[in-house]
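So the structure is just underneath, and the comments pick up after that.
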Amino acid sequence: MQVIPSIDLEAGRSRIVFWPGAAAGLGAPTDRAERIAAHFVELGAPLIHLVDFDGARSGQPVNLEAVGLVASRIATPLQLAGGVEGADQIRLAFAAGATRVVLAMSVVEQPDLLRESLAVAGDWLAVGLDPRPERFAAFPWRRPAVPTLASLVAELVELGVRRFVLAHGGAEPDLALLSDLVRTHDVDLFVAGGARDLAGIGRLRDAGVDGIILGEALLSGAIDYPAALEAAA
């Protein structure tokens, strides 16, 4: 299972100041996303996940210059989420240096927009879903009843989606549901958040998901990245 560092971008910088040498009093803290990304790539990160925090608010990518700085610093694939809500935003993200994108959950009620987005991004497109029961139920569905996560994933797979990012924040994921999705569908399944410690990473590994995306837990030092890689192996 991959362990993917995540960096929230706000006003061109990381929302969380990162100081990898804090425990030993070495080095200096930084909020420069490109420096943070380079650090994790040096430790073996297979992918860097960037969240355009400002873009998520506005519905358009905002921190593209920061994305470009990260892309110029590392050769590792970059996945951008936040403000990516259609084909035009995907083109902007790719032009800035992102190589993968995560569409906002709003796309699930716009099949034509999803098809257009898939035509641009293909297998480098993922759909982001928030499976936390209270948030899933609160989504403004345009259908008679709230679908189940399993039925929604099946619907999106039928439309051509092959990658999903399930956002759990700090909540414990439903491991049985994740395992069932892995067994049922030939898709790449990533969990954002969903693990507070190494044991949580191990549980997700055992559920069969393809990767876990960790932001604050890594940048704050709550989870050590080399130890996380070991727990995911």
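The values are calculated or read from the model by the stated rules, or taken from the named source; none is laboratory data. Keep in mind that this is a model prediction, so the values were computed, not measured. Glycine gets a Cβ as well: all are built from the backbone with ideal geometry, and neighbour counts include every protein chain shown.
Of (1) part of a helix (DSSP H, G or I); (2) under 15 Å from the mean Cα position of the chain (by Cα), Ala71 satisfies all except one. Which?
(2)
Step by step: first the residues of the stretch 74-88, then only those that are of a type in the set (Val, Ile, Thr) and within 24 Å of Val161 (Cα to Cα), then the one that is surrounded by the most Cβ atoms within 10 Å (Cβ to Cβ). Which residue is that? Full working, then the answer.
First, the residues of the stretch 74-88 that are of a type in the set (Val, Ile, Thr): 74, 76, 84.
Within this subset, residues satisfying the condition of being within 24 Å of Val161 (Cα to Cα) are 76, 84.
Numbers: Thr76: 18, Val84: 29.
Checking each candidate, the answer is Val84.
Of everything in the stretch 155-172 that's farther than 14 Å from Val107 by Cβ and surrounded by fewer than 15 Cβ atoms within 10 Å (Cβ to Cβ), which residue is modelled with the lowest pLDDT?
Gly170
Please identify the pairs in which a residue from the stretch 98-119 that is free of Cβ contacts under 8 Å to residues at least 24 places away in the same chain has its Cβ atom under 7 Å from the Cβ atom of a residue that is part of a strand (DSSP E or B), counting only partners at least 6 apart or on another chain.
Between residues of the stretch 98-119 that are free of Cβ contacts under 8 Å to residues at least 24 places away in the same chain and residues that are part of a strand (DSSP E or B), the close pairs are Val107/Val127.
Restricting the search to the stretch 44-58, which residues are in contact (Cβ under 8 Å) with a residue 40 or more places away in the chain and over 16 Å from the mean Cα position of the chain (by Cα)?
Residue satisfying the conditions is Gly44 alone.
If you scan the stretch 51-73, which residues turn out to be of a type in the set (Asp, Glu) and over 23 Å from Ala167 (Cα atoms)? It would help to see each step written out before you state the result.
Of the residues in the stretch 51-73, the ones of a type in the set (Asp, Glu) are 52, 54, 65.
Across the stretch 51-73, the qualifying residue is only Glu65.
Sort out which residues of the stretch 1-37 are more than 21 Å from Ala232 (Cβ to Cβ) and assigned to a helix (DSSP H, G or I), and write them in order of number. Break it down into steps so the answer makes sense when it comes.
Start the filter on the stretch 1-37 by keeping residues that are more than 21 Å from Ala232 (Cβ to Cβ), which leaves 8-17, 19, 21-35.
Within the stretch 1-37, Ala22, Ala23, Ala24, Ala33, Glu34, Arg35 qualify.
Within the stretch 89-106, identify whether any single residue is at pLDDT below 95, part of a helix (DSSP H, G or I), buried (at least 16 other Cβ atoms within 10 Å of the Cβ) and not basic (Lys, Arg), and answer yes or no.
At the first step, the residues of the stretch 89-106 found to be at pLDDT below 95 are 104-106.
When the remaining residues are screened for being part of a helix (DSSP H, G or I), the result is 105-106.
Cutting the leftovers down to buried (at least 16 other Cβ atoms within 10 Å of the Cβ) gives us 105.
Those left that are additionally not basic (Lys, Arg): 105.
Yes, the conditions are met somewhere in the stretch 89-106.
Which ones in the stretch 198-233 are charged (D, E, K, R), modelled with pLDDT of 95 or more and within 18 Å of Pro173 (Cα to Cα)?
The answer is Arg203, Arg205, Asp206, Asp210.
For the stretch 160-233, list the helices (runs of 4 or more DSSP H) that sit wholly inside it and hold at least 3 residues that are touching a Phe, Trp or Tyr at 6+ places or on another chain (Cβ under 8 Å), closer than 23 Å to Val101 by Cα and in contact (Cβ under 8 Å) with a residue 12 or more places away in the chain; which are they? Explain how you work it out, then say what you get.
Details: elements: 175-184, 198-207, 216-219, 225-232.
Filter on the stretch 160-233 gives an empty set.
Is it true that some residue in the stretch 68-78 is in contact with a Ser or Thr (Cβ under 8 Å, 6 or more places away or on another chain) and under 20 Å from Leu229 (Cβ atoms)?
Yes, because at least one residue in the stretch 68-78 is in contact with a Ser or Thr (Cβ under 8 Å, 6 or more places away or on another chain) and under 20 Å from Leu229 (Cβ atoms).
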